[in-house]
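*Asks:* Pasting in a structure now, in structure tokens, and then I'll have a few things to ask.
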């Protein structure tokens, strides 16, 4: 069985308050994008995990994939399999690649072992693995709240939009990113999305300024996308990736660091 865990981008990311459990209450709109890892599950007499492609730091996507297997093995007694992850989505980049790998592992194992877990049950399991993981279970545009696991599907007009995604190769620690942001309970993000040309003022990423001050190439890249006609340009998540949305497929944008350029909508 082969599945293709995809990345996501964020329209805005508000950090509202720190919670008693150490996490933060946030609001964001999350969109799946067609930038993929490759995850293969095959039969095996013992559990095996193997990763190729981009180097994964200790505690990264590899650990999440293995934890996803261990979670189902403990809860449902599933047998051994061999899992191979081909890592292609940049790591520590605000694109949700590790969370997607974990969520798709849950979904693939659910199918492989015919567990017949519901979407809600998979989301509850995914929430034990990470705040972004539940998003990738349904894998549709959603308004995200709580620590990121409270999801409400949202209707967006993505027709004919193109996205250009860039990663400058900087690993941003999520914990350090949150430490750099001062929570602001208002204004909250609007659920009335309107059209893309209204999003720049409406959907602000609270991480963008503090991360951009430490890594000015991110702020410069976002500004360049705006100069080249992006209807909306922003950092994704806590960085370091950034992106621009265009009404037509752009040409000859920033050549360095580009990881995806193409239609925004996709996905079955």
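Each value in this text was obtained by applying a stated rule to the coordinates, not by laboratory testing. Computed from a predicted model, the values in this text were never measured in an experiment. Here the Cβ positions follow ideal geometry from the backbone for every residue, glycine too, while neighbour counts run over all protein chains shown.
*Asks:* For the chain, take the longest principal axis of its alpha carbons; what is the angle in degrees between that and the long axis of helix 97-112, to the nearest 10 within 0 to 90?
*Replies:* Roughly 40 degrees, rounded to the nearest 10.
*Asks:* So which residue, out of 159, 167, 139, gets the largest mean-square fluctuation from a GNM of the chain using Cα contacts under 10 Å as springs?
*Replies:* Ranking 159, 167, 139 by mean-square fluctuation puts 159 first.
*Asks:* Report for the chain the percent antiparallel among DSSP-assigned beta bridges with both residues inside it, nearest 5.
*Replies:* In the chain, DSSP labels about 85 percent of beta bridges as antiparallel.
*Asks:* Using a 10 Å cut-off on Cβ atoms, rank the peptides 86-98, 24-36 from the highest mean neighbour count down.
*Replies:* Result, highest mean Cβ count within 10 Å first: 86-98, 24-36.
*Asks:* How far is helix 61-76 tilted, in degrees, relative to the longest principal axis of the Cα atoms in the chain, given as a value from 0 to 90 rounded to the nearest 10?
*Replies:* Value to nearest ten degrees: 50.
*Asks:* Another question, if that's okay. Pull up the DSSP beta bridges for region 2-152 and report the antiparallel fraction as a percent, rounded to 5.
*Replies:* 80
*Asks:* Neighbouring Cβ atoms within 10 Å as the yardstick, rank 149, 121, 201 fewest first.
*Replies:* Fewest-to-most Cβ neighbours within 10 Å comes out as 201, 121, 149.
*Asks:* For the chain, modelled as a Gaussian network with Cα springs under 10 Å, which listed residue fluctuates most, 200, 258, 116?
*Replies:* Maximum fluctuation in the GNM of the chain, among the listed residues, is at 116.
*Asks:* Take 83, 78 and order them by how many other Cβ atoms sit within 10 Å, fewest up front.
*Replies:* 78, 83
*Asks:* Another question, if that's okay. Kindly provide the helix-only [θ] at 222 nm of the chain, computed as the sum of -39,500 (n - 2.57) over DSSP H runs of four or more divided by all residues, to the nearest 500 deg cm²/dmol?
*Replies:* Helix contribution divided over all residues of the chain: -8000 deg cm²/dmol.
*Asks:* How would you rank 69, 242, 49, going from fewest to most other Cβ atoms within 10 Å of each one's own Cβ?
*Replies:* 49, 69, 242
*Asks:* Using Cα springs under 10 Å in a Gaussian network model of the chain, which residue among 75, 102, 230 shows the largest mean-square fluctuation?
*Replies:* 75
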